[in-house]
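To start, the structure itself, in structure tokens.
The values are calculated or read from the model by the stated rules, or taken from the named source; none is laboratory data. Quick caveat, the model's predicted, so the values are computed rather than measured. All Cβ positions, even for glycine, are placed from backbone atoms using ideal geometry, and neighbour counts span all protein chains on display. For the accessible areas, the whole protein counts, side chains as well, though only heavy atoms, and no ligand, DNA or RNA atoms are used. Shrake-Rupley method; radii C 1.70, N 1.55, O 1.52, S 1.80 Å.
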Amino acid sequence: MIEILLKNNSGFKWFRQDDISFKGYFKIHDNFTNSNNPYSINTKIKNQDDFLSFLHEANGFFAIVKEDAKNIFAAVDRVRSIPLFYGKKNGQFYLSDDAHWIREKVNDQDVDEVSKTEFLLTGYVTGKDTLYPNVKQLQAGEYLIYNKETKSLVTEQYFQFRHSNFYDTSNEELISLLDQVHVNVFKRLVESLDGRTAVVPLSGGYDSRLIVVMLKRLGYENVICFSYGKEGNKESTVSKKVADFLGYQWIFIPYTKERWHKWYRSEEKQSYYRYADGLSSLPHIQDIIAVSELKERNLIPKDSIFIPGHSGDFVAGSHIPTSFVGRNSISYKKLTNEIFKKHYSLWSLEKNGNNFKERFKEKIYSNIPKKPVYSIEEAADLFECWDWAERQAKFICNSVRVYDFLDYEWRMPLWDNEIMAFWSRIKMNNRISRKLYFDYVNRMQSDFAFIEKNKEDSSFTKNGKNLIKTFSFIYSLLSRFLKLKQYNSHPLQMHGIVDKEEYIKSVLGGMESINSILTAHYLESNL
């Protein structure tokens, strides 16, 4: 028995043609295809070779399912932006965009305890797993083939974000090449917008600013920028200055602790969590109040397209550990420890996850080729590959569920294939701390005199942080003190989801951020 249920039709719609179901958009050569425009679907997929050819060539964000007499093929794009889930039990196969439906079909009653603790510490479940043992997910850059006759299931990677074949040229030439890449990418973006309103969540950071600057540079005027948070917060102040400078409309949505407290207990929150979690990812909520208000007050057209800045910082190298600097090689143990330290950190491990620590490391090991030592380039590459497949795909990119849920399309131009291809050829010394990217953006946005230039590469700042961390007890106390202050001062005011007593208890219990509280609440109320 085989059942396929593809039902989530807010935002992008599922389009079915013959034996193919498709959702999202892509461009192959000169042909742009959007699933909301049925006349443009022309994938010509007849067999497995055609299916793989499509996956390698398609530049966009999509999920696709093909069923013929013998097989079922299914795939997600390079960042799993439109998730698919599957389950196989007692000779039956299920495939859907709804993980909860899969769970019902395979009759999973008990949560997997390793996955549950992993979710608590990271905000997502790694690999193909979800919170339930028989509910699986297609990973970024992955496809499956289910053979109807033999009832066999195979999953394979068709893409991984890896670094090799490095450019051997000057930084001046690299900056020029990066600029041309961005021009190409944003021309494709403008084509895909087709005159519709681009709505940009504009922060004070570099990535969203790059998006609006490039839209302006290419002459796209139908743009609305918005920001949100506590009145007068620094990010929104910079955001307004950028929008005003470019001549784009700017909207501010105020956040308060009281507003968060009310929303967090609303029916909308419950519905959104059910829609967005995939039984594997903490639903992103940071901008849902703002987007809901934009919709409810008719501040943006109904066919608007949201364009967040995911994940310009990551692809340019922001997550490479600074401890890699100055080394010629990295041991296998240090690499895995660095991955573990960075990503399994939402709660104190000693209090919440020590029993499963080795199991988590085994999951990391399973995705890293084992060598006694790696070159510095190999270590940075493998660190970023793990991050891309797990945190970026399942946590960061999954944030576009907000736009889906509220029935808007979205685009993620900074995950365009051409951008990924460029950064895959940049050596670590130009990626770490986003060195090349900041050189490029500071030069391109030199007219923004009112914005302080990046200082992340300051040796004083780095050494100061390292000095503080050597006094771990003092650092821990300082960190807790600063987190306690955030209850009232945080620019997003999200700590208002809990009362102050619970917040203080969470800080003393080893929380890392507001996401720590959110993961704990999710597990308590949804499992």
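Observations on the structure shown:
- Inter-part distance, the stretch 93-112 to the stretch 266-286, computed on C-alpha centroids, equals 17 Å.
- Taking the chain and dividing mean pair separation by its residue count, relative contact order in percent (alpha carbons under 8 Å, at least six apart): 19 percent
- Shape class of the chain from the alpha-carbon gyration tensor: rounded, with the ratio a/c of largest to smallest axis under 1.5.
- Rounded accessible area of residue 105 (nearest 10 Å², 1.4 Å probe): 80 Å²
- Rounded to the nearest 500, the 222 nm mean residue ellipticity of the chain from helices alone is -12500 deg cm²/dmol, with -39,500 (n - 2.57) taken per DSSP H run of at least 4 residues.
- Full-stretch length increase - residue 359, residue 110 - with 0.36 nm per residue and alpha-carbon distance subtracted: 87.7 nm
- Of all DSSP beta bridges in the chain, antiparallel share, percent nearest 5: 70 percent
- Residue-level accessible surface for residue 225, protein heavy atoms, 1.4 Å, Å²: 0 Å²
- For the stretch 8-101, the solvent-accessible area of protein heavy atoms averages 39 Å² per residue (probe radius 1.4 Å; ligands and nucleic acids excluded).
- Spin-label model, residue 322/residue 46: points 7 Å from Cα along the beta carbon direction are separated by 5.7 nm.
- Counting only protein chain heavy atoms and rolling a 1.4 Å probe, the accessible areas of 512, 118, 67 rank, largest first, as 512, 67, 118.
- Relative contact order (%) - criterion: Cα under 8 Å, at least six apart; region: the stretch 1-115: 25 percent
- Restricting attention to the stretch 122-232, close to 60% of DSSP beta bridges with both partner residues there are antiparallel.
- Gyration tensor verdict on the stretch 149-296 (Cα atoms; rounded if a/c is under 1.5, prolate if a/b is larger than b/c, oblate otherwise): oblate
- Summarising the label geometry, the points placed 7 Å from Cα in the beta-carbon direction at residue 173 and residue 293 lie 5.0 nm from one another.
- Structural descriptor for the stretch 47-131: relative contact order 15 percent, calculated from alpha carbon pairs under 8 angstrom and at least 6 residues apart.
- Entries in 216/240; 394/427; 216/241; 240/394; 334/361 that, when Cα-Cα distance is taken, lie over 22 Å: 394/427; 240/394
- For the stretch 337-419: rounded, prolate or oblate by the Cα gyration tensor [a/c cutoff 1.5]: oblate
- Solvent-accessible surface of the stretch 308-376, averaged per residue with a 1.4 angstrom probe and all protein chains in place: 50 square angstrom.
- Cβ-Cβ FRET estimate between residue 31 and residue 196, R0 fixed at 22 Å, reported to 0.05: 0.70
- Computed lengthening from residue 89 to residue 504, 0.36 nm per intervening residue step minus Cα-Cα distance: 144.9 nm
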